[in-house]
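Chemist: Before we start, here is the structure in question, set down as structure tokens.
The values are calculated or read from the model by the stated rules, or taken from the named source; none is laboratory data. In this text, all values refer to a predicted model and were calculated from it rather than measured experimentally. Backbone-built Cβ (ideal geometry, glycine too); neighbour counts: all protein chains shown.
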Amino acid sequence: MQQKDSFRDAALAPLEDLNLKQKGIPDVLVRAAAAPYDLEGLKRCEGLAEEIGRLDGALGPDLDEAPPPDHRTRLQKAGGAIKDAGVAEVRDQTRSVLPFRGWIRKLTGAARHDKKVAAATRAGEVRRGYLKGVGMRMNCAPPAAPSWFVPEPPRSPVAQAQGMFGQLWLRILAWFHSWWPF
């Protein structure tokens with residue numbers, strides 16, 4: 001889903017308007033659109049990390065992730081910017097070839113397909129955020145949680161028993177307190 005346009009893609013832009021060429025929707029995004037909050041089979045951190053990895057593959061990196069380092073020289077960056085501007089200009093020119101482009105897109109179904117792609121992308125983004133929240137709740141390490149999240153170390157069995165005893169004691173005190181004023 002996240003790929004740069006080439007001159008060939010820009011030149012074939014009218015085919016998208018005529019609905020002769022469509023962007024495919026990855027299966028992981030189709031499933032996300034059908035059930036964005038489904039947790040079946042995702043009871044462990046490893047399962048969450050795999051599902052989030054599939055979503056990252058379809059959507060690109062999440063907002064909480066640092067961008068990859070750019071090791072290009074200034075000349076390479078300038079060349080890339082010039083190429084991107086050229087591709088954008090070619091795309092604009094080829095799109096202007098069709099008169100009444102908006103109506104043609106509606107009549108051929110291209111606009112409807114673009115809405116489906118946008119809805120699936122949005123559902124994938126929502127699902128990824130939801131799964132990262134579930135990962136935080138389960139105390140999972142990234143990528144099953146946001147990259148800034150640091151999971152708490154597991155508590156020792158003695159500390160767990162002390163915690164349970166403390167909770168029991170607080171409940172007993174609360175019960176007595178509820179009966180105290182008669």
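Chemist: Quick one: how many residues across segment 5-22 are over 13 Å from GLN93 (Cβ atoms) and exposed (fewer than 13 other Cβ atoms within 10 Å of the Cβ)?
Modeler: Number of matching residues: 3.
Chemist: Can I ask one more? Is it fair to say ALA120 is under 30 Å from GLU51 (Cα atoms), in contact with a helix residue (DSSP H, G or I) (Cβ under 8 Å, 6 or more places away or on another chain), in a helix (DSSP H, G or I) and at pLDDT below 90?
Modeler: It is false that ALA120 is under 30 Å from GLU51 (Cα atoms), in contact with a helix residue (DSSP H, G or I) (Cβ under 8 Å, 6 or more places away or on another chain), in a helix (DSSP H, G or I) and at pLDDT below 90.
Chemist: Further, regarding this structure: Looking at segment 67-86, which of its residues are within 27 Å of the chain's Cα centre (by Cα) and surrounded by 12 or more Cβ atoms within 10 Å (Cβ to Cβ)?
Modeler: Across segment 67-86, the qualifying residues are GLY80, ASP84.
Chemist: Please determine whether any residue of segment 50-66 is under 26 Å from the mean Cα position of the chain (by Cα) and farther than 30 Å from ALA141 by Cα.
Modeler: No, that holds for no residue.
Chemist: Check off (1) surrounded by 13 or more Cβ atoms within 10 Å (Cβ to Cβ); (2) acidic (Asp, Glu); (3) at pLDDT 90 or above for GLU46 and give me the number that stays unchecked.
Modeler: (1)
Chemist: Only one of these is within 30 Å of ARG8 (Cβ to Cβ) and modelled with pLDDT of 90 or more: ARG72, ARG137, ARG105, ARG127. Name it.
Modeler: The unique qualifying residue is ARG72.
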